[in-house]
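**Q** The following block contains the structure, expressed as structure tokens.
The values are calculated or read from the model by the stated rules, or taken from the named source; none is laboratory data. Note that the coordinates shown come from a computational prediction; the quantities given were computed from them, not determined experimentally. Cβ: placed from backbone, ideal geometry, glycine included. Neighbour counts: every protein chain shown.
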Amino acid sequence: MSNKMNIIEEHYRIAKEKYAALGVDTEAVLKKLDSIPISIHCWQGDDVKGFENPEGELTGGIQATGNYPGAAKSPEQLRSDLEKAFSLIPGAKRLNLHAIYLETNGEKVERDEIEPKHFENWVRWAKAQQIGLDFNPTIFSHPKADDGLTLSHPDEEIRNFWIEHVKRSRKISEYFGKELGTPSIMNVWIPDGFKDVPADKLGPRQRLKDSLDKALEEKIDRKYHIDAVESKVFGIGAESYTVGSHEFYAGYAIANDLALCLDAGHFHPTEVISDKISSVSLFVKDILLHVSRPVRWDSDHVVILDDELMAIAKEIIGNGLTDRVHIGLDFFDASINRIAAWVIGTRNMFKALTIALLQPTETLKNAEVEFDFTTRLAMLEELKSYPWQAVWDYYCYTKDVPVGMEWLKEVKKYEKTVLLNR
């Protein structure tokens, strides 16, 4: 073990010198990396079922595929699984909860009746873990969402039900912020849309705007709670028209001083959210990211270290947006070990941030301003073979989490002793 530590330290020393020659301080990079939290989504651990009705079928364009054993069946199991995942991931972490992860002690609680008390166990756990919590109203997989419309529904009674759900969700989010000392980002996403071409595209959007105006009417201190809205281009059962389009929510967020959520899978297949971050940053205070991996559609695959992930990180870091861009993950794969999915996806996000932080951004920008595109291209290409992995391994080592593939042994052991016995 001592020899392995020596190798990690020696590789880091060499990398440190190599990056220093480019004007990059790796010690400062690691310190900065420590300050960027990633909000890990709870719903990877149980296939988005929650605890309102764990056996309920997912509807509203949500689909988790696979039947790998070991899905969490209770809040205690989910928290245990999260703790195992957290122990294998370096860096600052948060947890993103959906409203269906409430705890009611067996009592039937409708979504327009949820209260902070139903999430007290999550807050106690978050305090013990020393993390913040984020929140989402759950506006899908419910009888009042079966028509494919919720906040834009023509029936006022159904709209009012979901308006009240959002209002109560905001109070829960505020409760998180007050209890944990860090603002909770609460994101509103709805599946509303039509399978075929609608006769009226404006009406549903007018109703959605009115519903949001009512649901978000109460002012809440941003010190505790930040509202975000999330668009989508299409979904299952909403292939031809989505009420909450990017244009709708971008306009609504700007007009109402809200955070705008960009989900990597919620645009056309050739669109990427990395290219949108700089533009959006000029018009909204906060940007929420749902980092996912679409495969031909919004399929929410586990995040891999691909070009788009690295581009997202470089846009955040290179533009100095770490205080305004809130990084959340959103994927759910039931075909593999669910804890491994968390670990792979989150570590990859941190790897992408590491690579971005190691880039000599000012040198590259200066070359560009001077129209020295030769230097820009040469440096960007050479950086691809620079030893960022040595810096990453050292970071894991200093955070006392497994280096390289060592984490997988821990997951396999947990699977054998815990997951397969459920």
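**Q** Among the residues in the range 165-178, are any closer than 23 Å to Leu212 by Cα, surrounded by 17 or more Cβ atoms within 10 Å (Cβ to Cβ), over 22 Å from the mean Cα position of the chain (by Cα) and of a type in the set (Gly, Ala, Ser)?
**A** No; the residues of the range 165-178 include none that is closer than 23 Å to Leu212 by Cα, surrounded by 17 or more Cβ atoms within 10 Å (Cβ to Cβ), over 22 Å from the mean Cα position of the chain (by Cα) and of a type in the set (Gly, Ala, Ser).
**Q** Check whether at least one residue in the range 340-353 is crowded, with 17+ Cβ neighbours inside 10 Å, modelled with pLDDT of 95 or more and either over 20 Å from Leu95 (Cα atoms) or acidic (Asp, Glu) (or both), and report yes or no.
**A** No - not one qualifying residue is present in the range 340-353.
**Q** Additional query: So how many residues does the range 236-253 have that are at pLDDT 95 or above, part of a loop (DSSP other than H, G, I, E, B) and not small (Gly, Ala, Ser)?
**A** 1
**Q** Between Leu102, Leu88, Leu82, which is farther than 19 Å from Val418 by Cα, among the aliphatic types (A, V, I, L, M) and within 27 Å of the chain's Cα centre (by Cα)?
**A** After applying the criteria, what remains is Leu102.
**Q** Just the residues that are assigned to a loop (DSSP other than H, G, I, E, B) and either within 14 Å of Val188 (Cα to Cα) or hydroxyl-bearing (Ser, Thr, Tyr) (or both), please, taken from the range 254-265.
**A** If the condition is that a residue be assigned to a loop (DSSP other than H, G, I, E, B) and either within 14 Å of Val188 (Cα to Cα) or hydroxyl-bearing (Ser, Thr, Tyr) (or both), then Leu258 is the only one that fits.
**Q** With (1) among the hydrophobic types (A, V, I, L, M, F, W, C); (2) farther than 21 Å from Leu258 by Cα; (3) in contact (Cβ under 8 Å) with a residue 60 or more places away in the chain; (4) not in a loop (DSSP other than H, G, I, E, B) as the list, and Ile172 as the residue in question, which single condition is left unmet?
**A** (2)
**Q** Which of the residues spanning the range 241-289 are of a type in the set (Asp, Glu), under 21 Å from His301 (Cα atoms) and surrounded by fewer than 18 Cβ atoms within 10 Å (Cβ to Cβ)?
**A** Within the range 241-289, Glu271, Asp275 meet the criteria.
**Q** A further question on this structure: Show the residue pairs that are 6+ apart or on different chains and have beta-carbon atoms under 6 Å apart, the first residue being within the range 24-38 and in contact (Cβ under 8 Å) with a residue 12 or more places away in the chain, the second being of a type in the set (Phe, Trp, Tyr) and surrounded by 15 or more Cβ atoms within 10 Å (Cβ to Cβ).
**A** Thr26/Tyr19; Leu30/Tyr395
**Q** Could you go through the range 116-127 and let me know if any residue there is assigned to a loop (DSSP other than H, G, I, E, B), touching a Pro at 6+ places or on another chain (Cβ under 8 Å) and in contact (Cβ under 8 Å) with a residue 40 or more places away in the chain.
**A** The answer is no, given that none of the residues of the range 116-127 is assigned to a loop (DSSP other than H, G, I, E, B), touching a Pro at 6+ places or on another chain (Cβ under 8 Å) and in contact (Cβ under 8 Å) with a residue 40 or more places away in the chain.
**Q** For residues in the range 192-228 being in a loop (DSSP other than H, G, I, E, B) and in contact with a Lys or Arg (Cβ under 8 Å, 6 or more places away or on another chain), which is nearest to Val325 (Cα to Cα)?
**A** Of everything passing the filter in the range 192-228, Tyr224 is nearest to Val325 (Cα to Cα).
**Q** Can you pull out every residue in the range 381-420 that is surrounded by fewer than 12 Cβ atoms within 10 Å (Cβ to Cβ) and either touching a residue at least 60 places away in the same chain (Cβ under 8 Å) or closer than 25 Å to Tyr19 by Cβ (or both)?
**A** Glu381, Glu382, Lys384, Ser385, Asp400, Met405, Leu420
**Q** Hey, another quick one. Quickly run through the range 26-75 and pick out the residues that are at pLDDT 95 or above, touching a strand residue (DSSP E or B) at 6+ places or on another chain (Cβ under 8 Å) and β-branched (Val, Ile, Thr).
**A** Within the range 26-75, Ile36, Ile38, Ile40 meet the criteria.
**Q** Looking at the range 303-314 only, could you name the residues that are touching a residue at least 12 places away in the same chain (Cβ under 8 Å) and surrounded by fewer than 22 Cβ atoms within 10 Å (Cβ to Cβ)?
**A** Ile304, Leu305, Asp306, Glu308, Met310, Ala311, Lys314
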